[in-house]
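Visitor: Take this structure first; my questions come after.
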Amino acid sequence: MANSERTFITIKPDGVQRGLVGDIIKRFEQKGFRLVAMKLVQASEEHLKQHSIDLKDRPFFPGLVKDMNSGPIVAMVWEGLNVVKTGRVMLGETNPADSKPGTIRGDFCIQVGRSIIHGNDSVKSAEKEISLWFQPEELVEYKSCCYDWIYE
Ligand code: UDP
Ligand code: MG
């Protein structure tokens, strides 16, 4: 059960436009997490507002929605042991300037408003966002051939 924890990861429009989709996916693949779902989507403003509803009172909310709406994004679900927490570590800090080299934000971006990737900070928000972006049948069940080489 713990090995099937899931997180919702999005490559934002800046990450897509800069051609970082492959590099970002590669990090999750090489870590050993399992890709459960993925789509390239031009999200509507309404959908993006819903997605970030918890941040609606923050001053950066309008800018965040505008940025997320400025081009296609890659929406993904990744699965694995502690994937929510580990995914956040792989992302780096909210401000790329505070993100260590080796993290995605630490390696690929400079400013908080161009932070190239979104990831959940709790299992609860992961569940909520996965169901906002994907239909149940889009979440693909299969066993990775590496499973027994990744988990004890
Ligand atoms: N954001 C921003 N300015 C800020 C804080 C956040 O533009 O001062 C944007 C940024 O794109 C960030 C997103 O809002 O990724 C969501 O903010 P959150 O605090 O959830 O950070 P994250 O979870 O992405 O690290
Ligand atoms: Mg957040």
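The values are calculated or read from the model by the stated rules, or taken from the named source; none is laboratory data. What you see is a predicted model, and the numbers here were worked out from it, not measured in a lab. Quick reminder, even Gly has a Cβ in these numbers, built from the backbone with ideal geometry, and neighbours come from all protein chains shown. These area figures cover heavy atoms from the full protein model, side chains too; ligands, DNA and RNA do not enter into them. Shrake-Rupley method; radii C 1.70, N 1.55, O 1.52, S 1.80 Å.
Visitor: Any idea of V123's accessible area? Nearest 10 Å², probe 1.4 Å.
Guide: 70 Å²
Visitor: Follow-up. Relative to the Cα centre, what is the charge dipole magnitude of segment 1-96, using +1 at the beta carbon of each Lys and Arg, -1 at the beta carbon of each Asp and Glu, and rounding to the nearest 20 debye? Each step should come with its number before you reach the end.
Guide: Working: 14 positive and 11 negative charges, 38 e Å.
Result for segment 1-96 is approximately 180 debye, rounded to the nearest 20.
Visitor: Quick one: what are the phi-derived ³J(HN,Hα) couplings along segment 96-106, Karplus 6.51/-1.76/1.60 with θ = phi - 60°, whole Hz, x for glycine and proline?
Guide: x, 5, 9, 8, 6, x, x, 8, 5, 5, x
Visitor: For the chain, what does -39500 (n - 2.57) per DSSP helix run (n ≥ 4), summed and divided by total residues, give at 222 nm, in deg cm²/dmol to the nearest 500?
Guide: -10000 deg cm²/dmol
Visitor: Something else about it: If you bin every alpha carbon distance in segment 38-115 into 5 Å steps from zero, what whole percent lands in each bin?
Guide: Answer for segment 38-115: a P(r) of 3, 14, 17, 21, 27, 15, 3 percent.
Visitor: Oh, and also: What net charge do the residues around E5 carry, taking every other residue with its C-beta under 13 Å from that of E5, with Lys and Arg at +1 and Asp and Glu at -1? Working shown, then result.
Guide: Details: positive: R6, R34, K85, R88, K124; negative: E79, E127.
That sum, taken over residues with Cβ under 13 Å, equals +3.
Visitor: Continuing with this model, one more query. Taking the Cα centre of segment 69-146 as the origin and placing charges on Cβ (Lys, Arg +1; Asp, Glu -1), which of Y142, V83, S131 is farthest toward the positive end of the dipole?
Guide: V83
Visitor: Add +1 for every Lys or Arg and -1 for every Asp or Glu among the other residues with Cβ under 13 Å from the Cβ of K128, and state the total. Provide the component values of the computation, followed by the final result.
Guide: On the way: positive: R6, K124; negative: D54, D121, E127, E129.
Spelling it out: positives minus negatives among the neighbours equals -2.
Visitor: A follow-up question, please. Averaged per residue, what accessible surface does segment 1-96 expose to a 1.4 Å probe, in Å²?
Guide: Numbers: 4910 Å² over 96 residues.
That works out to 51 Å² per residue.
Visitor: Give the longest segment of the chain that steers clear of trypsin sites (Lys or Arg not before Pro) in DSSP loops with at most 16 neighbouring Cβ atoms within 10 Å, not counting the sites themselves. Write down the numbers at each step before the final one.
Guide: Details: sites that count: R18, K56, K143.
Between exposed loop sites, the widest span is 57-142.
Visitor: Hey, another quick one. As a test of reading the structure, rank T94, T10 by solvent-accessible area (1.4 Å probe, protein chains only), most first.
Guide: Working: T94 85, T10 0 Å².
The most accessible residue leads, giving T94, T10.
Visitor: A further question on this structure: With a 1.4 Å probe and every protein chain kept in, tell me what percent of the accessible surface of segment 1-79 is carbon plus sulfur. If you can, show how the numbers build up before the last one.
Guide: Values: 2160 of 4100 Å².
Roughly 53 percent, rounded to a whole number.
Visitor: Give the cross-link partners of K66 among the lysines, using a straight C-alpha distance below 16 Å as the criterion and excluding same-chain residues fewer than 8 apart.
Guide: In chain and number order, the partners are K12, K49, K56.
Visitor: Same structure, new question: Which value, in debye to the nearest 20, gives the size of the charge dipole of segment 16-67 about its Cα centre, when Lys and Arg are +1 and Asp and Glu are -1 at the Cβ? Mind dumping the intermediate values first?
Guide: Details: 10 positive and 7 negative charges, 49 e Å.
It comes to approximately 240 debye.
Visitor: Rounded if a/c is under 1.5, else prolate if a/b beats b/c, else oblate: with a ≥ b ≥ c from the C-alpha gyration tensor eigenvalues square-rooted, which is segment 66-152?
Guide: The shape class here is oblate.
Visitor: If I compute solvent accessible area with a 1.4 Å probe over the protein chains, what percent of it on segment 87-145 is carbon and sulfur? Intermediate values should be presented prior to the final figure.
Guide: Details: 1980 of 3620 Å².
Ligands and nucleic acids excluded, carbon and sulfur give 55 percent.
Visitor: Are there any chymotrypsin sites (Phe, Trp or Tyr not before Pro) in segment 57-152 that are in a DSSP loop and have at most 16 other Cβ atoms within 10 Å? List them by number. Before the final figure, lay out each step's value.
Guide: Numbers: sites: F60, W78, F108, W133, F134, Y142, Y147, W149, Y151; in loops: F60, F134, Y142, Y151.
Sparse-neighbourhood loop chymotrypsin sites (Phe, Trp or Tyr not before Pro): F60, Y142, Y151.
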